[in-house]
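**Student:** Let me begin by handing over the structure; questions about it come next.
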Amino acid sequence: MLIRKIFQLRQMKKYSDKAGELQAWMLAVRRHIHQNPELSSDEYNTAEYISATLAKLGISCKTGIAGTGITAETGPENAPCTVGLRADMDGLPIQEETGLDFSSRNAGVMHACGHDGHVAMLLGAARMLQETDLPGRVRFIFQPAEESGNGAERMIREGAADGLSAIFSGHVDTHFDTGVITVDEGIVCAYADPFVIQLRGSGGHAARPHECKDALVAAAGLVTSLQSLVAREVDPNHSAVLTVGKIRAGEIHNIIADEAILEGTIRSTHPDARKRLLSGLRRMVESVAGYYDVRSQLLFPDSLPAVINDCQGASIAKKAAVSVVSEERVCSQGPSSLGGEDFAFYLQNLRGCMVRFGAKPAAASGPAHSSTFDFDERVLSTGAAWYASVAMHFFNETMKE
């Protein structure tokens with residue numbers, strides 16, 4: 001009865017009276033951050049803005065975690081449990097081409113994945129929860145460097161998740177209508193394994209290839225060969241993809257390249273598929289190196305585990321979603337995304353859940369990580385309400401236990 005009376009934020013007169021004001025406030029927050037994007041681990045101005053905003057709300061915070069990360073808490077200090085709510089805050093190295101009147105002021109940097117919206121939502125939730133009589137403690141986690149893949153791991157290492165009983169997060173998704181929240185148990189984001197391959201041969205004159213070992217030709221052969229890995233190594237029922245996104249080789253048209261560097265990523269949604277792809281990549285790199293008589297080195301920097309929502313976390317997230325948008329507008333995201341998300345590191349040791357907030361814009365926009373990405377800003381109210389609601393539903397479930 002308490003949960004219905006206090007925690008269904010859509011029906012709380014206290015908040016419904018302020019809904020328009022809160023939305024306008026979050027809109028201003030989102031647009032300020034969107035105009036001033038910063039790259040992974042360089043979010044100093046963003047962190048200063050967030051900490052100043054929290055101070056105005058009467059919420060003290062810890063800064064400088066993992067460089068630019070922030071944690072802040074509200075609720076009774078002697079509470080029996082603490083729940084974490086996380087938002088990422090870094091931008092991408094993209095030149096914005098949306099034409100928005102609040103476009104990025106920082107050349108070559110853009111919020112092209114919705115992290116500006118995530119920060120606004122979490123600050124909105126902090127504003128709501130700060131005004132609520134909480135039965136437990138809430139920790140707001142503003143995390144840097146999600147796009148580089150190591151922000152969460154660094155935050156955890158420096159204590160951001162210490163003492164938490166559970167953690168929740170959400171991500172805007174323009175594939176779903178605004179007002180929809182997707183909730184799923186199990187894998188929702190893929191294992192992500194970036195790789196770097198170095199091929200070393202010996203250079204020389206283009207007119208005398210027999211005196212050389214051409215690393216560029218070896219690289220071209222390897223890229224072509226790698227396309228068979230997913231098709232012939234992975235169970236067709238398991239989603240996976242291998243992409244080579246970057247090659248560096250050669251200096252001038254008449255010199256045979258002595259080195260080639262290939263960078264790419266493997267995405268998979270099943271442990272067996274991941275194991276076979278990683279093994280197959282190693283085997284193929286070694287084989288191609290032998291075939292072309294060059295030396296090879298294969299590295300896997302900053303691999304990400306899959307985001308795996310546990311049963312209890314997903315159940316709480318769904319109850320919160322239903323209380324915010326109604327049962328008819330809560331659905332599954334469908335197949336696991338092949339995108340990587342470092343929220344996975346939190347869920348390795350904590351129960352919790354990541355959801356998606358539908359944010360399909362009325363006007364056409366590009367996909368995430370594109371120069372024309374944008375989302376429906378009405379999602380800010382949905383996200384803030386869900387963040388606040390999921391904390392309260394967690395307390396309700398914990399009290400039952």
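**Student:** Taking interchain pairs and intrachain pairs at least six residues apart, which have beta carbon atoms under 6 angstrom, with the first residue in the range 64-88 and within 11 Å of A160 (Cβ to Cβ) and the second among the small types (G, A, S) and crowded, with 21+ Cβ neighbours inside 10 Å?
**Tutor:** These pairs meet every condition: I65/A160; I70/A47; T71/A160; R86/S169.
**Student:** A follow-up question, please. Would the range 107-117 turn up any residue that is on the phi > 0 side of the Ramachandran plot, assigned to a strand (DSSP E or B) and either buried (at least 23 other Cβ atoms within 10 Å of the Cβ) or within 23 Å of the chain's Cα centre (by Cα) (or both)? Working first, answer last.
**Tutor:** Within the range 107-117, the first condition is being on the phi > 0 side of the Ramachandran plot, and the residues that meet it are 108, 114.
Still in the list and also assigned to a strand (DSSP E or B): none.
No; the residues of the range 107-117 include none that is on the phi > 0 side of the Ramachandran plot, assigned to a strand (DSSP E or B) and either buried (at least 23 other Cβ atoms within 10 Å of the Cβ) or within 23 Å of the chain's Cα centre (by Cα) (or both).
**Student:** Scan the range 295-338 for residues that are under 19 Å from I181 (Cβ atoms) and not in a strand (DSSP E or B) and report the count.
**Tutor:** Counting residues in the range 295-338 that are under 19 Å from I181 (Cβ atoms) and not in a strand (DSSP E or B) gives 25.
**Student:** Quick check on the range 57-90: of everything there that is assigned to a loop (DSSP other than H, G, I, E, B) and of a type in the set (A, V, I, L, M, F, W, C), which residue is nearest to R356 (Cα to Cα)? Please lay out each step first, then the result.
**Tutor:** Within the range 57-90, the subset assigned to a loop (DSSP other than H, G, I, E, B) is 57-60, 66-68, 75-81, 89-90.
Subset that is of a type in the set (A, V, I, L, M, F, W, C): 57, 59, 66, 79, 81, 89.
Working: L57: 27, I59: 27, A66: 26, A79: 29, C81: 25, M89: 16 Å.
So, considering only residues that are assigned to a loop (DSSP other than H, G, I, E, B) and of a type in the set (A, V, I, L, M, F, W, C), the one nearest to R356 (Cα to Cα) is M89.
**Student:** If you don't mind, another one. Does A384 satisfy the criteria of being at pLDDT 95 or above, in contact with a helix residue (DSSP H, G or I) (Cβ under 7 Å, 6 or more places away or on another chain) and either surrounded by 17 or more Cβ atoms within 10 Å (Cβ to Cβ) or among the small types (G, A, S) (or both)?
**Tutor:** Values: at pLDDT 95 or above: yes; in contact with a helix residue (DSSP H, G or I) (Cβ under 7 Å, 6 or more places away or on another chain): yes; either surrounded by 17 or more Cβ atoms within 10 Å (Cβ to Cβ) or among the small types (G, A, S) (or both): yes.
Yes, satisfied.
**Student:** I've got another one for you. Take the residues of the range 199-237 that are of a type in the set (D, E, K, R) and not in a strand (DSSP E or B): which is farthest from I266 (Cα to Cα)? Before the answer, list the steps.
**Tutor:** Taking the range 199-237 and keeping what is of a type in the set (D, E, K, R), we get 200, 208, 211, 213-214, 232-233, 235.
If we keep only those that are not in a strand (DSSP E or B) too, we end up with 208, 211, 214, 232-233, 235.
Values: R208: 37, E211: 35, D214: 26, R232: 15, E233: 13, D235: 15 Å.
Here the answer is R208.
**Student:** Consider A363 against the criteria (1) more than 27 Å from R139 (Cβ to Cβ); (2) hydrophobic (A, V, I, L, M, F, W, C); (3) out of contact with any helix residue (DSSP H, G or I) (no Cβ under 7 Å at 6 or more places or on another chain); (4) at pLDDT 95 or above: it satisfies all of them except one. Which criterion is unmet?
**Tutor:** Only one criterion is unmet by A363, namely (4).
**Student:** Go through the range 339-380 and report how many residues are basic (K, R) and not in a strand (DSSP E or B).
**Tutor:** Here is the first cut: in the range 339-380, the ones basic (K, R) are 351, 356, 360, 378.
Subset that is not in a strand (DSSP E or B): 360, 378.
Final tally of qualifying residues: 2.
**Student:** Related question: Does A219 satisfy being assigned by TED's automatic domain parsing to the domain that holds V288, buried (at least 18 other Cβ atoms within 10 Å of the Cβ) and not β-branched (V, I, T)? Spell out the reasoning first.
**Tutor:** Numbers: assigned by TED's automatic domain parsing to the domain that holds V288: yes; buried (at least 18 other Cβ atoms within 10 Å of the Cβ): yes; not β-branched (V, I, T): yes.
So A219 fits the description; yes.
**Student:** Of the residues in the range 248-277, how many are over 18 Å from A344 (Cβ atoms), assigned to a loop (DSSP other than H, G, I, E, B) and touching a residue at least 40 places away in the same chain (Cβ under 8 Å)?
**Tutor:** Counting residues in the range 248-277 that are over 18 Å from A344 (Cβ atoms), assigned to a loop (DSSP other than H, G, I, E, B) and touching a residue at least 40 places away in the same chain (Cβ under 8 Å) gives 4.
The values are calculated or read from the model by the stated rules, or taken from the named source; none is laboratory data. Please read all numbers here as calculations on a predicted model, not as lab measurements. Every residue, glycine as well, gets a Cβ built from its backbone with ideal geometry; the counts of neighbours run over all protein chains shown.
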